[in-house]
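Derivation of every value follows stated rules applied to the coordinates shown; laboratory data play no part. All values reported here derive from a predicted model rather than from experimental measurement. Ideal geometry is used to build each Cβ from the backbone, glycine not excepted, and the neighbour counts take in all protein chains shown.
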Amino acid sequence: MAVDVDTARHELTQPGQADDQETDEKSGVDTDSREPTSAQVRGVRGALVIGVLLLAIVGGATGWLVWQTQRAEQDQRMNEMLLQAGREAAVNLTTMDFEHIREDIQRVLDGSTGTFYDEFEQRAPAFEEVVTKTQSKTEGTVTEAGIESVSADSARVLVAVSVKTSNIAAPEQRPRLWRMRIDVQRVGDVAKVTNVGFVA
């Protein structure tokens, strides 16, 4: 069977075929060997590993910062609670009225714990008798307060209190300034007094 020369020539020179062949020949690139080399694969893997490590570092640093912030906020709330307990204790201890002395004493006991609670409860009857007999009234106002030292769940609070005093013998007296050192401790969700001292 005879081969049509023109047809064969046409098939060899279809559009794009000759150009592709010519381009490949000029570039010298083997079209059958374009798969990534082992060096390229190692480079990609290395980049992925570095990326994962960076994400882990950033994530860890972010988590640490969040934890530190939360811890600082918790510490601040704890300090505020302990300081407030010290202030309230100073007011409760220096504000007494013979007309409702039992309620005033109970308020002090409610805000106390430990040895101080036991000692104050033991002395309460004698204290009530003296206040009632002399018809004493005292009113304390905190002028300054601050935390002297603090631990995980307790603090020592320094409080300056201005105290107005009156009784049957001296109805009007000049206010006196008392300085108190009050130890407070967290008990459940509140803070209570564990010790009270006066600072000269």
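Which shape class, rounded, prolate or oblate, goes with segment 116-166 when its Cα gyration tensor gives a ≥ b ≥ c as root eigenvalues, a/c under 1.5 marks rounded, and past that a/b bigger than b/c marks prolate?
oblate
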Going from the fewest other Cβ atoms within 10 Å to the most, one would list SER112, SER38, SER162 as SER38, SER162, SER112
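Provide the gained length on full extension for the span LYS164 to ASP75, in nm with one decimal, where the gain is 0.36 nm per separating residue minus the Cα-Cα distance.
Result for the pair: 28.6 nm of gain on full extension.
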Simple spin-label estimate for PHE198/THR37, 7 Å along Cα→Cβ, in nm, reads 9.1
In terms of the alpha carbon gyration tensor, root eigenvalues a ≥ b ≥ c, rounded if a/c is under 1.5 and otherwise prolate when a/b exceeds b/c or oblate, segment 94-196 is oblate
FRET efficiency (THR115, LEU65; Cβ distance; R0 41 Å; to 0.05) is 0.50
If each K or R counts +1 and each D or E counts -1, the residues other than THR165 whose Cβ falls under 11 Å of its Cβ total +2
